[in-house]
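Notes to accompany the following structure.
The values are calculated or read from the model by the stated rules, or taken from the named source; none is laboratory data. Quick caveat, the model's predicted, so the values are computed rather than measured. Because the Cβ atoms are built from the backbone with ideal geometry, glycine has one as well, and the counts that use them run over all protein chains shown.
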Amino acid sequence: MTDPTIVTWDSPGHFCGADDCRWFLHHDVGPWCISTIGEYYPSSADGEMVPFGWPPMPYETMVFDRSQGDDAPKRWNETESRRWFTRGEAEAGHWTMVEEYKQLIEGRESTAHD
């Protein structure tokens with residue numbers, strides 16, 4: 001089995017307002033973009049943090065399919081998403097998802113070689 005390439009990005013991987021997020025993690029695992037953002041403070045909110053989604057939570061992770069081979073996702077509909085209440089949960093959840101997608105690739109490679 002080969003270890004899939006995990007690419008670390010120094011910018012958020014999703015959300016058009018991500019420039020106003022004070023925290024993020026963004027990795028590519030094989031063909032998947034795994035992006036976690038949080039602590040969203042848009043200028044229109046007068047210094048208040050704005051949560052994501054419903055029910056509102058301050059952090060979210062989304063996974064996108066990049067199997068076309070370029071930097072843009074195949075489609076901007078997420079493959080999977082999860083949201084978190086704390087930065088610690090978001091960070092742990094992000095790394096759990098990275099590991100889950102890494103194992104998915106390893107399982108595919110193992111089946112292809114059997």
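Entry remark, segment 1-53: residues being acidic (Asp, Glu), loosely packed, with under 15 Cβ neighbours inside 10 Å and at pLDDT 90 or above number 4 in total.
Select from segment 54-68 the residues that are surrounded by fewer than 17 Cβ atoms within 10 Å (Cβ to Cβ) and either free of Cβ contacts under 8 Å to residues at least 24 places away in the same chain or assigned to a loop (DSSP other than H, G, I, E, B) (or both) and list them in ascending order. Once the filter is applied, which keeps residues that are surrounded by fewer than 17 Cβ atoms within 10 Å (Cβ to Cβ) and either free of Cβ contacts under 8 Å to residues at least 24 places away in the same chain or assigned to a loop (DSSP other than H, G, I, E, B) (or both), segment 54-68 yields Trp54, Pro55, Pro56, Ser67, Gln68. Tallying residues that are farther than 14 Å from Leu104 by Cα and within 11 Å of the chain's Cα centre (by Cα) within segment 12-32 yields 8. Considering only residues in segment 54-82 that are among the charged types (D, E, K, R) and more than 17 Å from Gly17 (Cα to Cα), the one that is modelled with the lowest pLDDT turns out to be Lys74.
Return yes when Ser11 is assigned to a loop (DSSP other than H, G, I, E, B) and either of a type in the set (Ser, Thr, Tyr) or in contact (Cβ under 8 Å) with a residue 60 or more places away in the chain (or both) and no when it is not. When the stated conditions are applied, Ser11 passes them.
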